Amino acid sequence: MLEIKNLHAEVEGNKILRGIDLTINAGEIHAIMGPNGSGKSTLSYVLAGKDDYEITEGEILFNGENVLEMEPHERAAVGLFLAMQYPIEIPGVANMTFLKTALNAQRVARGEGELKTPDFMKKVKELSAKLNVTQEMLRRPLNVGFSGGEKKRNEILQMALLEPKLCILDETDSGLDIDALRIVSDGVNALKSPERSMLVITHYQRLLNYIVPDVVHVMYQGKIVKSGDKDLALQLEEKGYAEFTGEAAA
Amino acid sequence: MTKPTIKTAADEALEGLLKAAQENLPGNSDFSSLRSAAVSAFEQNGLPTRRVEDWKYSDLKRVMPSDLALAEPVDAATARENLSGSGILKSVDKIQLVLVNGCFSAELSDLSELEDSVTVRSVSDALQAGDFVLDDPEIAKGDIALSLNTALLQDGVIVEIAEGADLAKPLEIRHVMLGGGLATLRNRVVIGKGAKVGIIETFVGDAAAYQLNSAIDYRIADDVKLNVMRIINEGDQAIHLGSTTATVGGNVHFEHFTLSASGQFVRSQSFVAMLGEYSDADLFGASLVNGKRHSDITLKMDHAVPNCNSKEQYRTVLDDKAEGVFQGQIIVRQYAQKTDAKMMSQALLLSEDASFNNKPELEIYADDVVCGHGATCGDLDEDLLFYLGSRGIPKDLAKKMLVMAFLAEAIENVSNDQFVEALEGYILDRLGLSE
Ligand SMILES: Nc1ncnc2c1ncn2[C@@H]1O[C@H](COP(=O)(O)OP(=O)(O)OP(=O)(O)O)[C@@H](O)[C@H]1O
Ligand SMILES: [Mg+2]
């Protein structure tokens, strides 16, 4: 589904990604862990198409298509979704209007036609109830004044509604209380399917008890320095990143 | 002015017209001497140069045509044909008072629908009868647009609303310009103590080149609740000089919203004097300026007494080669303690060729006050566009959503939901976002 080959990216001359290779097959769940500043969010933004980054080398294929040539909305329409570490507040755009516009824009781009308002409402109601997103939050401007946890739940609501093929979750667990973590994880797990892949960026092994990964990667200084099964996360929890940071410093 | 100004073709044309028009204009000798004084002042100074602070960013010398003529009268039947139902507030139920090419038309107005508490007569009648007295607030004195208005004043409508009236429907003063030329009018709305009133001022016109100098005076007694919607929806070649003067009594709630939607050159200026204690004035506005249009919102708010609040919030969206201006001045006089005055002007530039001059000013002579002003001018936030894009919303649509959102925040201040809905509907339509 996703093939990242030798990806290099920089911002204003600072090299941030320095040769990422990563393949995620359909139905797989991959986790990326790594110290602060190692480039995890940068990778997620580059995948989603944020244009602050200059790609100096490498390629990204999504179901065989060259993602780097697509605009963010085109990437979304082919099934890429990024639940952001810091969801953005948009004053003046009602959450509900936003959800409907996004869903219909994607449907139209895929030639599926717009969803009728009653069908849309029904779907949103159902999903928001599961994710504990209140009607009030749907009426309010997008993310404005939402608490950290509310923003994260709202990201997962968008994901559930848009039904992407690849879900990238950037620290969706940060800032969630214990109950919210369970709600969000259930929401994510409900989306698991043999056709859908996930890339979960996290600092905490705890999340991976709920969303169990097939592969865990360690990212450091813009590279994937180690990959393993879910036990790798447990080892990291215990020993930290000294092994990698030490090596790199040497 | 000490130095004689160099007269441009536009100055000469206007001067010629001012002189020629004098003998046919209505008014007794008192008013005639006001007119003559205004004409002499114009002969001396001409149109303001860019050195005149208040007109620095809106260059009348450049925009006024050199082939000026007075707008011709239009008969009611012709006007009616051109008054077709479309309009930004068309969904709002209202009683219309219509002026065509500056002249009040009883025939086109819904006079029979007026409530008993409302009386209407024309300014030309009042001028003939010698009882139209100019009593501009201090801060409006010396303004060139008002001075030209006096010099050429043809007509207008005087609306008097009785004490304690509670109008069921808003009154719309609809200004229609047809066939080109210059028209000059002045309306007056006198509101008795404790009345609750909604006024809509609408400005529309055809595609001909016309110049409208329009003024309106609000004389607001104590305890009044007044809601004004000013909709500037002029024709593509229109020059609109619109002035509002307001004197505000005590314990008043005055809400004033301006939509600057179209017209080649729009100057919408307001002079508000807070003269009674414990009053609130909320002045809001949204401007959409595109093409090579010019839109100027100028405000002078005078706090002359203690314990009043005023809030100004204006938002402007500029595209193409449009020019926008916001000049806001709040004066808090020495005696006006406990004034709470806030002013904010925000502009969104959608094109590199668009420009905006943002000039908020505070002049405070009292010491126990809360005053603040802010001004921002920027382009669309790339992070917001990316967020919307990452959810599948194409850039063009995302931009429109953000423009709508930006203006919606100004419109939401309007307390009447029907107006809010109509304004939002108009902007959605204009952006091509309506369902
Ligand atoms: N726009 C930018 N301009 C300059 N530096 C940037 C920019 N974006 C990212 N960086 C730098 O790139 C590095 C990687 O940042 P990134 O946000 O990808 O790290 P991260 O692995 O997600 O960290 P965290 O775990 O703290 O979220 C950091 O050193 C950061 O300061
Ligand atoms: Mg990060």
If you check B:V190 against the conditions, is it touching a residue at least 24 places away in the same chain (Cβ under 8 Å), open to solvent by 10 Å² or more (accessible area, probe 1.4 Å) and of a type in the set (V, I, T)? yes
Is there a residue being touching a residue at least 24 places away in the same chain (Cβ under 8 Å), buried (at least 16 other Cβ atoms within 10 Å of the Cβ), at the interface with chain A (Cβ under 8 Å from one of its Cβ atoms) and closer than 30 Å to B:K169 by Cα anywhere in segment B:413-432? no
Report yes if some residue within segment B:90-107 is open to solvent by less than 80 Å² (accessible area, probe 1.4 Å) and without any contact (Cβ under 8 Å) to a residue 12 or more places away in the chain; otherwise report no. no
Counting only residues that are surrounded by fewer than 20 Cβ atoms within 10 Å (Cβ to Cβ), of a type in the set (G, A, S) and more than 17 Å from A:L199 (Cα to Cα), how many does segment A:2-31 have? 2
Candidate set from segment A:1-16 (those that are within 19 Å of the chain's Cα centre (by Cα) and of a type in the set (V, I, T)); member that is nearest to ligand 1 (Cβ to nearest atom): A:I16
Conditions first: (1) more than 28 Å from A:F62 (Cβ to Cβ); (2) within 16 Å of ligand 2 (Cβ to nearest atom); (3) open to solvent by less than 40 Å² (accessible area, probe 1.4 Å). A:G148 passes all but one, so which condition is the exception? (3)
Per the list (1) more than 8 Å from every other protein chain (Cβ to nearest Cβ); (2) more than 11 Å from ligand 1 (Cβ to nearest atom); (3) assigned to a strand (DSSP E or B), residue check on A:G27 breaks on (3)
Do we have any residue at all in segment A:181-193 that's within 16 Å of ligand 1 (Cβ to nearest atom), among the hydroxyl-bearing types (S, T, Y) and open to solvent by 20 Å² or more (accessible area, probe 1.4 Å)? no
From A:L131, A:L82, A:L142, residue being among the aliphatic types (A, V, I, L, M), open to solvent by less than 30 Å² (accessible area, probe 1.4 Å), under 21 Å from the mean Cα position of the chain (by Cα) and within 8 Å of another protein chain (Cβ to nearest Cβ): A:L82
Flagged pairs (Cβ under 8 angstrom, 6 or more apart or on separate chains; first in segment A:168-183, within 14 Å of chain B (Cβ to nearest Cβ) and modelled with pLDDT of 90 or more; second within 16 Å of ligand 1 (Cβ to nearest atom) and assigned to a loop (DSSP other than H, G, I, E, B)) are A:L169/A:T202; A:D170/A:M84; A:D170/A:Q85
Unmet criterion (only one of (1) within 14 Å of chain B (Cβ to nearest Cβ); (2) at pLDDT below 95; (3) crowded, with 17+ Cβ neighbours inside 10 Å) for A:G34: (1)
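The values are calculated or read from the model by the stated rules, or taken from the named source; none is laboratory data. From a predicted model like this one, the values you see are computed outputs, not experimental measurements. Because the Cβ atoms are built from the backbone with ideal geometry, glycine has one as well, and the counts that use them run over all protein chains shown. Heads up: the accessible areas ignore ligands, DNA and RNA and are worked out on the full protein's heavy atoms, side chains in. Shrake-Rupley method; radii C 1.70, N 1.55, O 1.52, S 1.80 Å.
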